[in-house]
Amino acid sequence: MTSSETTGFRFGPQVCGTLAAGAAREWLVPDGLGGYAGGTVSGLRTRRYHGLLVVAGEVPARRMMALASLDPILRTPGGSEIRLATHEWASGAVQPEGHRLLSSFELVDGAPRWRWRAGETALQCDLAMRTGYPSVAVVYTLLAGPPVELAVEPLCTWRDVHGERHASSSELPLRATNDGVRVADAFEITGPDFTLDPQWYVGVYHREEAARGLAPAEDLLRVGQFHARLEPGQRLEISAFAGAAPPPASSVVDAYRRRLRALAKGDAVEATLRRAADAFIVRTANGVDVVAGYPWFGAWSRDTMIAYEGLFLATGRADEGRELLRGYAATLSDGMLANTADTGQVEYNTADATLWFLHAVDRHVTATGDSDLSAELVKPLDEVLRHHLDGTRYGIRVDPADGLLTQGGPGYALTWMDAVVGGTAITPRQGKAVELNALWINGIAALSSLRRRAGLSGDGLEPLLARATASFRRRFPAPGGYLYDVVDPVSADLRPNQVLAYGLPHAPLRGQDDGAVRAVARTLLTPLGLRTLAPSSPAYRGAHRGDPAGRDQAYHQGTVWPWLIGPYADAARSVGLPTARLLDGLVAHLSEWGVGSVSETADGDAPHDATGCPFQAWSVAEVLRTYRA
């Protein structure tokens, strides 16, 4: 390590060499386009999504798995062959077991580094991606010991990241190049002294996919070997890329680390969260966007707008944020913001994303004083208001009887609690949901403020705001000392959504300590965020596990969501409750699963094992925003 390098997280042989520990901790290196390299500390690929070159398509959700792994093989002067990779097979065997020789794993300025020790021989591997390109760089350095022969075997495929490919299904074309091989006419791998020698590895097993009830096995093509004779201090460098040939691998690694080092401001925790936030901000063919989570999510407008403050304003990236807001404004239709699904299709299927967009614009203008953006977006936001008053898709409309926002219909789940199994919404929340109406009231006030900043009148928004606020205060308080989750029809489930009614900047109950926030703290607050349902409820599920249907049924029925810590902290501060040490569990969590990041979800029951995506945008954003508050 040079004097300029900064080590973030480091694990020794007791973690790296034990699959239960090392394979449970994951690392991520993004390319800035929605593609990535990702895997586990131990080197074992536990997911179909783990690979060293995952290439994003026109939209981040359409990713292709290319280079699955690089398997290093040491050949010592005495003739011994030491395989340093680790693979699990459908038979149940783990072979080879290179993780047992790992002496350490660390993140150096956000980039992973492995070190193996085999007797007197010490080998290091550094990896990074070329930001803005679908390109990965891997550098092996002999640190100590006698001269050795190092061979590196690329294991390849070319498939949708959500699926599998098998040797029997179709041919994977290979073409030798001057310094490596081109695979499937889609990507290249380059390095020293390449020998083309294709062989299928059949039955590569992914234990996490098995645990998630998905197909757990695939086949990978070992395309050949790169070779080099190394003395201490010498390197073997490999690049894999789709598109233009990259600079030397070592220079890519150095550039990546310099870039992340420049992002690392504040104390160690803030620096880590800033680097984590950077992973989600991507540039696509349509401009700046946000990946909701790695390794499987694409861009979702709700997630993007909830994460906006933490990702863009808390990190000093308001110019990119402005570009994003303008781009999303162009997708408005009938008063609704587009929601790009993971299929890559544009849909208009949320009741809250547009309201979160209004909140994001308000936060941006308040933080930056950008009156030009106010003037530009007031007209489309006026149209949002009009369409909500008149009614738009999915029954989203303001009830003229009380000025509150209602939505939904059979089979739909339009709020952030959006799980649907077999055409049945698990948490439909049809009617007047508490956080939608808090956001609606917040949005009216925000639009009024934006209009004034743009030099316009309130245009009659004050009576609308006053009526909706009065109705909210009359209709949502429940006899138990908290807020109904939904009215018309009433849902008395104790859920976390009510905290937005206290914590939003223009919240209808801001500053009113009526006991509801305390009720949330007593019942729903955990070290990793808020539960989505009180454990006393008959519908509560304390474990977010099993096949897709089972997980979706638990998704919002008790599962903990870290992103909710931000709205809770806002609400607690609003009503004068303490927030000291609130983030202790989440700060410790930075080393527990997605190393240096925050997970999507966790079990409702202690010890709150992490679930879902290991790297989640709104989780990181809200922890960072709360940490800096």
* Asked: Is at least one residue of the stretch 341-351 crowded, with 19+ Cβ neighbours inside 10 Å, touching a strand residue (DSSP E or B) at 6+ places or on another chain (Cβ under 8 Å) and either among the acidic types (D, E) or closer than 25 Å to G35 by Cβ (or both)?
  -> no
* To do: Look through the stretch 2-15, keep the residues that are surrounded by 12 or more Cβ atoms within 10 Å (Cβ to Cβ) and farther than 17 Å from L590 by Cα, and return whichever of them is modelled with the highest pLDDT.
  => P13
* Being of a type in the set (K, R) and surrounded by 15 or more Cβ atoms within 10 Å (Cβ to Cβ) is the filter; apply it to the stretch 152-185 and report the residue that is farthest from G39 (Cα to Cα). => R182
* To do: Could you tell me which residue of the stretch 300-352 is nearest to D362 (Cα to Cα), considering only residues that are assigned to a loop (DSSP other than H, G, I, E, B) and acidic (D, E)?
  => D352
* To do: Quickly run through the stretch 209-225 and pick out the residues that are in a helix (DSSP H, G or I), touching a residue at least 12 places away in the same chain (Cβ under 8 Å) and over 15 Å from M65 (Cβ atoms).
  => A211
* Structure fact -> Within the stretch 566-590, restricting to residues that are buried (at least 17 other Cβ atoms within 10 Å of the Cβ) and not aliphatic (A, V, I, L, M), the one that is farthest from V29 (Cα to Cα) is S574
* For residues that are within 22 Å of L525 (Cβ to Cβ) and in contact with a strand residue (DSSP E or B) (Cβ under 8 Å, 6 or more places away or on another chain), tally how many sit in the stretch 448-490. => 6
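Every residue, every condition in (1) closer than 22 Å to L436 by Cα; (2) out of contact with any strand residue (DSSP E or B) (no Cβ under 9 Å at 6 or more places or on another chain); (3) outside the structural domain of T415 (by TED's automatic domain parsing); (4) not hydrophobic (A, V, I, L, M, F, W, C), yes or no:
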position: P505; (1), (2), (3), (4): yes, yes, no, yes
position: D513; (1), (2), (3), (4): yes, yes, no, yes
position: A534; (1), (2), (3), (4): yes, yes, no, no
position: G546; (1), (2), (3), (4): no, yes, no, yes
position: H556; (1), (2), (3), (4): yes, yes, no, yes
position: W563; (1), (2), (3), (4): yes, no, no, no
position: L577; (1), (2), (3), (4): no, yes, no, no
position: A580; (1), (2), (3), (4): no, yes, no, no
* Asked: Do the conditions hold for R229, that is, is it in a strand (DSSP E or B), farther than 25 Å from T40 by Cβ, modelled with pLDDT of 95 or more and outside the structural domain of H544 (by TED's automatic domain parsing)?
  -> yes
* Asked: crowded, with 17+ Cβ neighbours inside 10 Å, within 21 Å of A433 (Cβ to Cβ) and among the small types (G, A, S) - does that describe any residue in the stretch 322-335?
  -> yes
* What residue, of W593, W563, is closer than 25 Å to E208 by Cβ and surrounded by fewer than 23 Cβ atoms within 10 Å (Cβ to Cβ)? -> W593
* Those residues that are hydroxyl-bearing (S, T, Y), surrounded by fewer than 17 Cβ atoms within 10 Å (Cβ to Cβ) and closer than 19 Å to A501 by Cβ, I need them from the stretch 440-483; list them, please. => none
* Structure fact -> Residue set S91, S69, S103, S42; condition in a strand (DSSP E or B) and over 17 Å from A240 (Cα atoms); output residue S103
* What number of residues within the stretch 275-313 satisfy the criterion of being in contact with a Lys or Arg (Cβ under 6 Å, 6 or more places away or on another chain) and either buried (at least 24 other Cβ atoms within 10 Å of the Cβ) or over 21 Å from L355 (Cβ atoms) (or both)? -> 1
* Asked: Before we move on, is W416 part of a loop (DSSP other than H, G, I, E, B) and in contact (Cβ under 8 Å) with a residue 40 or more places away in the chain?
  -> yes
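Conditions tested, residue by residue: (1) free of Cβ contacts under 8 Å to residues at least 12 places away in the same chain; (2) outside any strand (DSSP E or B); (3) out of contact with any helix residue (DSSP H, G or I) (no Cβ under 9 Å at 6 or more places or on another chain).
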position: Q95; (1), (2), (3): yes, no, yes
position: H99; (1), (2), (3): no, yes, no
position: W114; (1), (2), (3): no, no, no
position: L127; (1), (2), (3): no, no, no
position: G132; (1), (2), (3): no, yes, yes
position: C156; (1), (2), (3): no, no, yes
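Every residue, every condition in (1) touching a Ser or Thr at 6+ places or on another chain (Cβ under 9 Å); (2) of a type in the set (A, V, I, L, M); (3) crowded, with 18+ Cβ neighbours inside 10 Å; (4) at pLDDT 95 or above, yes or no:
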{"position": "P77", "(1), (2), (3), (4)": "no, no, no, no"}
{"position": "R113", "(1), (2), (3), (4)": "yes, no, yes, yes"}
{"position": "A122", "(1), (2), (3), (4)": "yes, yes, no, yes"}
{"position": "G132", "(1), (2), (3), (4)": "no, no, no, yes"}
{"position": "A137", "(1), (2), (3), (4)": "yes, yes, yes, yes"}
* Structure fact -> Per the filter on the stretch 186-208, residues buried (at least 18 other Cβ atoms within 10 Å of the Cβ) and free of Cβ contacts under 8 Å to residues at least 40 places away in the same chain are F194
* Asked: For the stretch 139-151, how many residues are assigned to a strand (DSSP E or B) and either buried (at least 19 other Cβ atoms within 10 Å of the Cβ) or aliphatic (A, V, I, L, M) (or both)?
  -> 9
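The values are calculated or read from the model by the stated rules, or taken from the named source; none is laboratory data. Not measured: the values here are computed from a predicted model. All Cβ positions, even for glycine, are placed from backbone atoms using ideal geometry, and neighbour counts span all protein chains on display.
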